[in-house]
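Each reported figure results from applying straightforward, stated rules to the coordinates on display, with no laboratory input. Quick caveat: nothing in here was measured; it's all calculated off a predicted structure. Here Cβ is always computed from backbone atoms with ideal geometry, including for glycine, and neighbour counts include all displayed protein chains.
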Amino acid sequence: VDNKDSKWLIYAITSAIFASFTSILAKIGIQNVDSQTVTAIRTIVVVIMAWLVVGVTKSYQPLKQLKKGQVGAIVFSAIATGMSWLCYFAALKDGPASIVVPIDKLSIVVSILFASFVLHEKQNIKTIFGLICIVASTLLLLIA
């Protein structure tokens, strides 16, 4: 695998690092603040960051070049993201981060099921075993 092919792995690892920062920083920042307000602020910042990346990389693509199915999928993805953030911040506001975050990360189960049944991706035995380990270890965190 050359550097270009493994670039996704670097992005995935970096994403995990930043995701962990967001959980801890959100828990600190959400004290005595309505979770909807936090979601709105986060959304505004994400929109600004996304457009900055588009501008810096000069990767803008006119919306009319997108197919209707793509636009629909993107819109539903955005709605799902918004709903996820609203629920996540509401849970994080009142619950312990050490419990809320692992539960949130169980979304991997839904993602892999979606990839398998909707996108027809084949899962190998290592993926299935890894998923079982993730679910079991998360459940252990919840009962410990």
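For SER6 and ALA40, the FRET efficiency from 1/(1 + (r/R0)^6), where r spans their Cβ atoms and R0 equals 35 Å, is about 0.45. Apply 1/(1 + (r/R0)^6) to the Cβ-Cβ distance of THR22 and ASN124, taking R0 = 30 Å, and write down the FRET efficiency to the nearest 0.05. E(calc), rounded to 0.05, equals 0.45. Its DSSP H runs of at least 4 residues, each contributing -39,500 (n - 2.57), put the calculated 222 nm mean residue ellipticity of the chain at -27500 deg cm²/dmol, to the nearest 500. Checking the Cα-Cα distances for LYS7/LYS58; LYS27/LYS68; LYS67/LYS93; LYS7/LYS68 against a 28 Å cut-off, the pairs over it are LYS27/LYS68; LYS67/LYS93; LYS7/LYS68. A DSSP coil position with no more than 15 other Cβ atoms inside 10 Å describes the following trypsin sites (Lys or Arg not before Pro) in the range 15-93: LYS58, LYS67.
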